[in-house]
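What follows is one structure encoded as structure tokens, with my remarks underneath.
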Amino acid sequence: MFRRLISTARMAESASKRLKTDAAVKIGTHNGHFHADEALAVYMLRLLPTYADSGLVRTRDPALLAGCHTVVDVGGEYEASANRYDHHQRSFTTTFPGRNTKLSSAGLVYMHFGKAIIAQRLGVSEDDEKVSILYPKLYESFIEALDAHDNGISVYDPAAIEAAGITKKFSEGGFGLGAIVGRLNPNWNDPVPSDPVEAQAAEDERFLTASGRIGEEFSREVDYYAKAWLPARSIVQQAYAKRLEYDSEGRIMVLEGQSVPWKDHLYSLEEADNTSGKILYVLYPEKPVPDAKWRIQAVPVSKDSFQSRKPLPEPWRGARDEQLDEVSGVPGGVFIHASGFIGGNKTFDGVKALAAKACDF
């Protein structure tokens, strides 16, 4: 039955021209319910010149898959030399270098083609230093979550969570990467075309939409880390090197020109520096103009934590303007957030005074 459906679907080019099934290079993946990992795997491959005009064959028929240049998430075989990237076989245990999460088809494609994809996006060679920095970073920040989701791996140990009696306070809304793709599958009660050719073509169109959607998120992630995160590295390094100018114990770091993505870089610098204590507060102007107001931000205990190493003093929290001046003893106050993680002052001298007081509060 599957062979008949896929064979007829291959003749449905007029209903699904985007599939380009007559292209010389074809990517194969399974039909039916689609997932985030193969949707992204197909997108990533098509970022490379070899696959830019590739066709797509969605089937579980071994004979049709055998005719594909590259097969992802189906076929029961992982053999990079043959361009076969499935992860469902019981013997499969492959992980990304330095990580423990078992790969999905997205992880496999990224592991083998990620450097080429990044180099292509940046217009540099694969041995460029930028590629070597971004390759593991993009896996950890984006791809690994898909691998874990597809393989049913929880962020936290479920047994440990249960033993600790921890329960969710609210629904997370289901807006993870998997849900971005999952929502594009048809609902159980959606009408299905009676003609098998049209039905397969409609399903394939949904898959291509899903592939483009999660692929856009991936491309945005690449651009962010390449064009914003990585250039911030040297700025944070310079600010970290000058920290003792603002506090004898090195607890205050100042970003003099403007705010940049600093957390990852700060944690890396601290980890590599065994001679100093931790930064408690980061100061930066709201805008890169001479008369800008300044912010003070408490450093989180970890990148994604809402808990600060040392929140701004409790008596200051929730205060604004003149009230803040009075409780802090520092003129020019703008605000302190109710949780104490961030605040502001009209001048650099003012925000520096807030930081100095907060360090010893």
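Tabulated values for the structure
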read-out: Lone unmet requirement of (1) more than 24 Å from the chain's Cα centre (by Cα); (2) within 15 Å of R243 (Cβ to Cβ) for Q297; value: (1)
read-out: Residues that are part of a loop (DSSP other than H, G, I, E, B) and free of Cβ contacts under 8 Å to residues at least 60 places away in the same chain, drawn from the stretch 69-91; value: H69, D73, V74, G75, G76, E77, N83, D86, H88, Q89, R90, S91
read-out: Meets criteria (modelled with pLDDT of 95 or more and surrounded by fewer than 20 Cβ atoms within 10 Å (Cβ to Cβ)) for T93; value: yes
read-out: Selection count, the stretch 113-157, where residues are in a helix (DSSP H, G or I), touching a strand residue (DSSP E or B) at 6+ places or on another chain (Cβ under 8 Å) and open to solvent by 30 Å² or more (accessible area, probe 1.4 Å); value: 0
read-out: Selection from the stretch 158-209 of residues that are in contact with a helix residue (DSSP H, G or I) (Cβ under 9 Å, 6 or more places away or on another chain), modelled with pLDDT under 85 and outside any helix (DSSP H, G or I); value: G173, G174, G176
read-out: Subset of the stretch 331-347 (residues that are open to solvent by less than 10 Å² (accessible area, probe 1.4 Å) and either of a type outside the set (G, A, S) or not in a loop (DSSP other than H, G, I, E, B) (or both)); value: G333, I336, G343, G344, N345
read-out: Filter pass, D273 being charged (D, E, K, R), over 19 Å from I235 (Cα atoms) and open to solvent by 10 Å² or more (accessible area, probe 1.4 Å); value: no
read-out: Those residues of the stretch 163-198 which are open to solvent by 60 Å² or more (accessible area, probe 1.4 Å) and under 18 Å from the mean Cα position of the chain (by Cα), in sequence order; value: E172, F175
read-out: Qualifying positions in the stretch 96-105 - assigned to a loop (DSSP other than H, G, I, E, B) and open to solvent by 40 Å² or more (accessible area, probe 1.4 Å); value: P97, G98, R99, N100
read-out: Search result, residues across the stretch 183-210 that are small (G, A, S) and closer than 12 Å to A36 by Cα; value: A210
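The values are calculated or read from the model by the stated rules, or taken from the named source; none is laboratory data. No experiment lies behind these values; they were computed from the predicted model shown. Neighbour counts are summed over all protein chains in view; Cβ atoms, including those assigned to glycine, are modelled from backbone coordinates with ideal geometry. When the accessible area is computed, the model is the full protein with side chains, heavy atoms only, and any ligands, DNA or RNA have been set aside. Shrake-Rupley method; radii C 1.70, N 1.55, O 1.52, S 1.80 Å.
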